[in-house]
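S.K.: Next up is a structure, given as C-alpha cells.
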Amino acid sequence: MAAISDWDFRGVENGFELFIAEIGNGTDDEVGDVLNAAFHDFGEVESLLYLRARNTQAQRDLVESLGLDWDPVYMPWLLVLEKHPNDVREGDQAIIFRLGHLDGAEEVEAVTKTLMAASMEANALRKLTWEKRKERFRELIPVLRDAADFAIAVVGVL
C-alpha cells in the first residue's frame, strides 16, 4: 500500500466517518475547476475527508485494492470510502462515481454538490448498506439516472 505521505493529508485524526478519494490526473479544464471547488467545499463537512493523491501509484494501489482496472478514459473518479485510502484492503467496499461517463462540467458539478449535501445529512448515509447508499445517490442525482450503471457502482469484493 502507498505511504501515508502519498495522499494530501498525512495523518488522519479520529472522527472521520467517510472519505472521498479523487482518482485521476489533474486537469486544467472546466471539470478540473469543478473538482477543485469541491475539494475546498468538502473541507467544511464534518466527519468527512476529501483526499487527493500526490502521485499516480498511490491511486493505482487504491484502485487495485478494490478490484478495479485502471481506466483513465473514464476518469476522474470519486470513490466514497469508510476508511482512509491507505487503510483500504482487498474485500473492502466503496461507491465509485465514474465522472468521465458524464457529459461535462455541469453534470460533474451536480454530482459533487449533491454528494456534499448528502454527506451533510446527519448519519443519513452512514447507516445505510453500500447498495442502499448507491440507490440513495441515484435518487438524489438526476443526471445519474440515465448513466447510472456506468457512472455509479458499488465496488470491492464481497
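The values are calculated or read from the model by the stated rules, or taken from the named source; none is laboratory data. Computed from a predicted structure; not experimentally measured. Here the Cβ is made from the backbone with ideal geometry for all residues, glycine too, and neighbour counts use every protein chain on show. When the accessible area is computed, the model is the full protein with side chains, heavy atoms only, and any ligands, DNA or RNA have been set aside. Shrake-Rupley method; radii C 1.70, N 1.55, O 1.52, S 1.80 Å.
S.K.: Would you point out the residue of the range 56-72, among those that are among the hydrophobic types (A, V, I, L, M, F, W, C) and not in a helix (DSSP H, G or I), that is farthest from residue 118 (Cα to Cα)?
M.R.: As a first pass, look at the range 56-72 and keep what is among the hydrophobic types (A, V, I, L, M, F, W, C): 58, 62-63, 66, 68, 70.
Then keep just the ones that are not in a helix (DSSP H, G or I); that gives 66, 68, 70.
Numbers: 66: 23, 68: 25, 70: 27 Å.
If we take residues in the range 56-72 being among the hydrophobic types (A, V, I, L, M, F, W, C) and not in a helix (DSSP H, G or I), then 70 is farthest from residue 118 (Cα to Cα).
S.K.: Another question, if that's okay. Select from the range 97-142 the residues that are modelled with pLDDT of 80 or more, outside any helix (DSSP H, G or I) and either under 16 Å from the mean Cα position of the chain (by Cα) or surrounded by 14 or more Cβ atoms within 10 Å (Cβ to Cβ) (or both) and list them in ascending order.
M.R.: The answer is 97, 98, 102.
S.K.: Which residue pairs have Cβ atoms under 6 Å apart, sit 6 or more places apart or on different chains, and have a first residue in the range 26-55 that is within 20 Å of residue 85 (Cα to Cα) and in a helix (DSSP H, G or I) and a second that is among the polar types (S, T, N, Q) and open to solvent by less than 50 Å² (accessible area, probe 1.4 Å)?
M.R.: The qualifying pairs are 38/112.
S.K.: What about residue 154, is it touching a helix residue (DSSP H, G or I) at 6+ places or on another chain (Cβ under 8 Å), open to solvent by less than 80 Å² (accessible area, probe 1.4 Å) and at pLDDT below 80?
M.R.: Criteria met by residue 154.
S.K.: Evaluate the following for residue 78: is it buried (at least 19 other Cβ atoms within 10 Å of the Cβ) and not charged (D, E, K, R)?
M.R.: yes
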